[in-house]
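First up is the structure itself, then whatever we jot down about it.
The values are calculated or read from the model by the stated rules, or taken from the named source; none is laboratory data. Model, not experiment: these values are computed from the prediction. Here the Cβ is made from the backbone with ideal geometry for all residues, glycine too, and neighbour counts use every protein chain on show.
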Amino acid sequence: MRLLFLSVVLVPFLLPAESPARATGKAVTAARQTPVSDAELEKAIRGRFARSKISADNFQVKVESGVAILEGSTDVIQRKGTATRLARLAGARAVRNNIRISEAARKKAAERLSGIRRAIVRTGQ
């Protein structure tokens with residue numbers, strides 16, 4: 001009796017669950033489709049740049065064999081990383097980020113970092 005009860009209770013948990021695609025009968029497609037040509041990929045990257053705050057820096061974009069090459073300069077350190085992420089999200093296989101960060105931005109970041117270190121030392125953490 002106990003064996004019968006356990007088999008009735010445990011068997012449903014051992015069976016694979018149906019995926020949403022099977023349950024609805026619809027095919028699941030990729031959330032984003034990567035552009036196929038370098039020109040389409042370049043256009044997609046430029047579009048992502050235009051819709052973000054990094055558009056103010058007017059970065060240059062070239063694509064060769066699916067590899068995005070980014071050129072330009074910025075006064076905000078985080079924008080270099082943002083440009084790389086946006087290019088990857090647009091479908092680039094790899095990104096060569098040649099964006100230069102201004103000396104003023106580097107000094108500002110160093111000052112903030114040293115201020116944080118001083119605050120940590122003062123609080124004894």
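Check Ala92 against each of (1) in a loop (DSSP other than H, G, I, E, B); (2) within 24 Å of Leu113 (Cβ to Cβ) and name the one condition it does not meet.
Here Ala92 meets the rest and fails (2).
Considering only residues that are more than 18 Å from Gly91 (Cβ to Cβ) and in a loop (DSSP other than H, G, I, E, B), which ones fall in the range 49-59?
Asn58, the sole residue that qualifies.
Where the second residue is among the basic types (Lys, Arg) and part of a helix (DSSP H, G or I) and the first is at pLDDT below 95 and surrounded by fewer than 16 Cβ atoms within 10 Å (Cβ to Cβ) and lies in the range 32-58, which pairs have Cβ atoms under 8 Å and are six or more apart or on separate chains?
Once the first residue is at pLDDT below 95 and surrounded by fewer than 16 Cβ atoms within 10 Å (Cβ to Cβ) and sits in the range 32-58, its partners that are among the basic types (Lys, Arg) and part of a helix (DSSP H, G or I) give Lys53/Arg79.
Of the residues that make up the range 60-76, is at least one touching a residue at least 24 places away in the same chain (Cβ under 8 Å) and assigned to a helix (DSSP H, G or I)? Quick ask: steps written out before the conclusion?
Within the range 60-76, the first condition is being touching a residue at least 24 places away in the same chain (Cβ under 8 Å), and the residues that meet it are 61, 63-76.
Keeping just the survivors that are assigned to a helix (DSSP H, G or I) gives none.
Scanning the range 60-76, I find no residue that is touching a residue at least 24 places away in the same chain (Cβ under 8 Å) and assigned to a helix (DSSP H, G or I), so the answer is no.
If a residue has to be of a type outside the set (Lys, Arg), out of contact with any Pro (no Cβ under 8 Å at 6 or more places or on another chain) and under 11 Å from Ala90 (Cβ atoms) to count, how many in the range 35-48 make the cut?
Step one: filter the range 35-48 for residues of a type outside the set (Lys, Arg), giving 35-42, 44-45, 47.
From the residues that got through so far, the ones that are out of contact with any Pro (no Cβ under 8 Å at 6 or more places or on another chain) too are 35-40, 42, 45, 47.
Next, from what is left, pick out any that are under 11 Å from Ala90 (Cβ atoms): 35, 40, 42, 45, 47.
The qualifying residues number 5.
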